[in-house]
């Protein structure tokens, strides 16, 4: 569906037919339609509680791309994201009506190891590594984007990206402005960095990065300051062959840690030095030739908290622009700040089109003297007793009707612990159900 709208030739060097001596201009057209029905109760929502609450989410994206080989491309994409039949006040992250999602020019400005060095200018996505810190957040109804510059190069053994940007979709960066008018870059916030990946072989890589977030407008979950994040990530896979030479099993791993420093104003408006960090580890194993191709994973996350908010330093990690839905429970109760998460995950493929996944999480506060932080990174509540946040069990099924259409359904349970139920956030156990369809063209 829609394949004939991809790479449509527009002409070749002024000749009536193409030859090997030139790269023709091509035009591509495509997009996606996504609908999601949500039914949830007792979730730690940023805008309060109605139990149960139901709502519908709709998202349409559509793009045009003009391309001339490796030399340049021009890409423009629109988005219309809306929420309806909602019981609660709508969240800014759920709505962005008829706006520009991406609009950039991508230029080849040189070569390295036979590969192009590229400069991208304009509104674009940023996505790096495990997406623990930088992600366009595709699960959300709106999508994170940035206005700025990106310089990128891929080589034989190492790649690098360097960028300097400002958030364009303010709903996903904290302010919630412009849901029904033209998006503008957030002039108070600058996000820059360098991301490198060393991959001497095909099975593993070592990533190193530096991110710098400069914020000049304090908000509930965005302090006025300057944070630097430096980190390392080691990831890869190792196939295990059977006696006939085929891959019987595959080990996979993803280990990452980072340190954050700089200065911020705390929630009382007092400037303090920052000293914070995080660590994550994922180990997985797939039985490639077993029935249903089962995969098991163990996951661990530690994001630092501040046990003494009056101690003169800020020790709570800022997870920047994360893909939290992929890691910290599908209910979307918590961000990675002041959080410890132990989890196990299992998935099977009964057919080539059907994937079933289940996961179990055990959550704790990293520091009992710090606050609980929601999925947006905002502190919640006025205090708690103990460090046990609770447990979560998730079940998701995805059916690929064909390459253009998939249907997904999920059900999640959350049983709150003493850190929630013995404080101002006390509530009954949470649950979420959803049904989603995605059509691409």
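Quick notes on this one:
- For residue 184 and residue 242, the FRET efficiency from 1/(1 + (r/R0)^6), where r spans their Cβ atoms and R0 equals 56 Å, is about 0.45.
- The stretch 3-440: relative contact order in percent, alpha carbon pairs under 8 Å with at least 6 residues between: 11 percent
- Sorted by Cβ density within 10 Å, fewest first, the residues 238, 4, 325: 4, 238, 325
- Model label zone, residue 87; criterion: amide N under 20 Å from point 7 Å along Cα-to-beta-carbon; scope the stretch 394-415: 410-415
- Within the stretch 357-381: backbone nitrogen closer than 20 Å to the residue 51 label point (7 Å, Cα to C-beta): 363, 372-375, 380-381
- Spin-label pair residue 354-residue 121: with each label point 7 Å from Cα along the Cα-Cβ axis, the two points sit 5.3 nm from one another.
- Each peptide in 352-362, 115-125 gets a packing score, the mean of other Cβ atoms within 10 Å over its residues, and the list from highest to lowest is 115-125, 352-362.
- Rg(Cα) / (2.2 N^0.38 Å) computed for the stretch 3-440, rounded to two decimals: 1.03
- Every helix of 4 or more DSSP H residues in the chain counts as -39500 (n - 2.57), and over all residues that averages to 0 deg cm²/dmol at 222 nm.
- For 130, 135, 275, the sequence from fewest to most other C-beta atoms within 10 Å is 275, 130, 135.
Each reported figure results from applying straightforward, stated rules to the coordinates on display, with no laboratory input. Only a predicted model underlies this, so the values are computations on that prediction, with no experimental measurement involved. In this analysis, Cβ positions are derived from the backbone assuming ideal geometry, glycine residues included, and neighbour counts consider all displayed protein chains.
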